[in-house]
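The block underneath contains the structure these notes are about, expressed in structure tokens.
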Amino acid sequence: MSLGAKKLSPDIITAPLTALILRLMKPAPPLLRFLLLGVSLSIVCLQSSRGDEIPTDSVPRYRAIVTDVKPFPRENFTQGLEISEGELYVSSGLYGKSAVRVYDWANMTRAREAALAPQFFAEGLTRIDDKLYLLTWREGRLLVLDPLSLEIQAAMGYQGEGWGLAHHDQSLWLSDGSQRLIRLDLSKSLSQDHSQDALQQSKAARNTPTVTIIDVTLEGKPLKRLNELEWVEGELWANIWQTDTIARIDPDSGQVVGLIDASNLLSPEDRLRDTDVLNGIARDPETGKIWVTGKRWPKIFQIILEPTD
Ligand SMILES: [Ca+2]
């Protein structure tokens, strides 16, 4: 879908908080509830083990080399980052301050913004076609927004926390702060066709697994605190919370196949007292280049990877 013809002013499309609350109170459609059920059951059945350290041996390691820089508004306590249709989508966290902001990627001027109701802490986001998916941290809601109006269209419930979000084709990938990555295959559960045939197919889909959970391991040990995500040419890249490390993950096996050292991107003069950690990975679909930023960072950096010994 093209966004070019329907640019709206920020004043018009900033969603009123009351409207967002009301929309959130609406029950999820049956298919969405099915999705919720699948996630809940799967997570309950998991026995997770945890590891605290990031081992440093064997897995290939890389250093992030900056090849371009753009300004990035410090107002963003960046939780989700994605480039789509020539625009940069950013979700910004914190209670009472959470928002989704959309920037023209070419010049980083703000195109649209919508605030979330104060009881919601925005987390990761990703766009598939005409739907923008937005996780919330501890509120148990995966919100579905119109990417143009930024109005909330639906809310899916889930158990546990929401951290990072990315997609590949019609699958969503979620992180929850642990070593788990959760794949939701929307192609089998979110049909837009309400014909009888489609309804019959949706009943059949109840018996088809749409949720896959993998444990991410580094040298055989769980790698937890997986945060913001990005699908990069067959891999999932994940910020490791409170580190300057990005993990490259094989989405089939869950094994970490590379570690990226993204420290020292911000100069000391760019750091203020409230400047927070690295968080936010976005692949430009037009160029294939990778961009990273952080929470309340003033810049977004294009990087390439240089192997380290
Ligand atoms: Ca991302």
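Here, each number is a calculation from the coordinates, and none is a lab measurement. Remember, predicted model here, so these are calculated numbers, not experimental data. FYI the Cβ positions are ideal-geometry reconstructions off the backbone, even for glycines, and counts take in every protein chain you see.
Using a 10 Å cut-off on Cβ atoms, rank the peptides 105-113, 162-170 from the highest mean neighbour count down. Can you show the working numbers first?
Details: 105-113: 15.0, 162-170: 22.1.
Going by the mean number of other Cβ atoms within 10 Å, highest first, we get 162-170, 105-113.
Cβ crowding within 10 Å ranks TYR95, TYR62, TYR103 as TYR95, TYR62, TYR103, fewest other Cβ atoms first. Every Cα-Cα pair in region 211-307 was counted, and those over 23 Å apart are 26% of them. Which of THR109, THR126, SER98 sits closest to the plus end of the dipole of region 81-141, meaning its Cα is farthest towards the positive end, when Lys and Arg get +1 and Asp and Glu get -1 on the C-beta? My answer, from the dipole projection, is SER98.
Just rank GLU151, GLU161, GLU230, fewest to most, by other beta-carbon atoms within 10 angstrom. Provide the component values of the computation, followed by the final result.
Working: GLU151 14, GLU161 18, GLU230 28.
By the 10 Å Cβ count, ascending: GLU151, GLU161, GLU230.
Sorting LYS70, LYS224, LYS295 by the number of Cβ atoms found within 10 Å of their own Cβ, with the fewest placed first, yields LYS70, LYS295, LYS224.
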